[in-house]
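The values are calculated or read from the model by the stated rules, or taken from the named source; none is laboratory data. Just so it is clear, the model here is predicted, and its values are computed rather than measured. Note that we place each Cβ from the backbone using ideal geometry, even for glycine, and neighbour counts take in every protein chain shown. Side chains included, ligands, DNA and RNA excluded: accessible areas come from the protein's heavy atoms. Shrake-Rupley method; radii C 1.70, N 1.55, O 1.52, S 1.80 Å.
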Amino acid sequence: LLSNIHEPLGGGKPFAERSGLVFIGGFEHPPNTDAVLWYARDVLPRVRERLPGVVTYIVGSKAPATIRALAAPDLVVTGYVPDVSPFFTGCRLSIAPLRYGAGVKGKVNLAMSYGLPVVATSPAVEGMHLVPGEDVMMADDAEGFAAAIERAYRDEALWQRLAAGGIDNIRRHFSRAVARRALDELFAIADARSRRK
């Protein structure tokens, strides 16, 4: 199995100097549109009550009118940006409120490679070897998702644990070294089969 490939990057601002939430995803992919609409309708009102003034950044190309119409002082729809790293090194959390979709999610891998903790739904983290509360926060209902955001946003010790756990997950499951081992195994199998023919 050869999955997404990411390298642990780490770095960025310390917990106390970070603010805001970031969602990343291109909007030609329908699950991203659905995720942001659900977040804005059902989760964000609860986040506003729990974390007044905290800004959510929606980063991604080709946002449809339904997404652009959500823009508010605390919900910034950036559209395409040429360099996403300032969001991953300066925001306090990444969110992945996907309600459907398949496969390993690059948005989750990318955030974790920066050491940015992620709050996600179960569809967003399937097949990624993640442990809720250790390297990701997870909830599938609006109230639980908002509560997970608040907890990870306010609790520095939890934030540090999630950041370290995410980077470790990238190192163990998605790094170049892991990909190299998978390719070596694949080539060894292919070589053995060709010799038998």
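Scanning the range 25-42 for residues that are touching a strand residue (DSSP E or B) at 6+ places or on another chain (Cβ under 9 Å) and in a helix (DSSP H, G or I), which turns out nearest to ALA71 (Cα to Cα)? So, considering only residues that are touching a strand residue (DSSP E or B) at 6+ places or on another chain (Cβ under 9 Å) and in a helix (DSSP H, G or I), the one nearest to ALA71 (Cα to Cα) is ALA40. Counting only strands (runs of 3 or more DSSP E) that fall entirely inside the range 43-99 and contain at least 1 residues that are open to solvent by 10 Å² or more (accessible area, probe 1.4 Å) and closer than 22 Å to PRO31 by Cα, the qualifying elements are 56-59, 75-79.
Hey, any hits in the range 125-132 for a residue that's more than 17 Å from GLY90 (Cα to Cα) and assigned to a helix (DSSP H, G or I)?
There is at least one residue in the range 125-132 that is more than 17 Å from GLY90 (Cα to Cα) and assigned to a helix (DSSP H, G or I).
For the range 100-139, a tally of residues being crowded, with 23+ Cβ neighbours inside 10 Å, over 19 Å from ILE58 (Cα atoms) and charged (D, E, K, R) returns 1. When you check VAL22 against the structure, is it within 24 Å of ALA157 (Cα to Cα) and either at pLDDT below 95 or part of a loop (DSSP other than H, G, I, E, B) (or both), yes or no? So VAL22 fails the test. Scanning the range 100-121 for residues that are part of a loop (DSSP other than H, G, I, E, B), hydrophobic (A, V, I, L, M, F, W, C) and in contact with a strand residue (DSSP E or B) (Cβ under 7 Å, 6 or more places away or on another chain) yields a single hit, LEU116. Checked against (1) out of contact with any strand residue (DSSP E or B) (no Cβ under 7 Å at 6 or more places or on another chain); (2) of a type in the set (Ser, Thr, Tyr); (3) in contact (Cβ under 8 Å) with a residue 60 or more places away in the chain, SER85 meets all criteria but (3).
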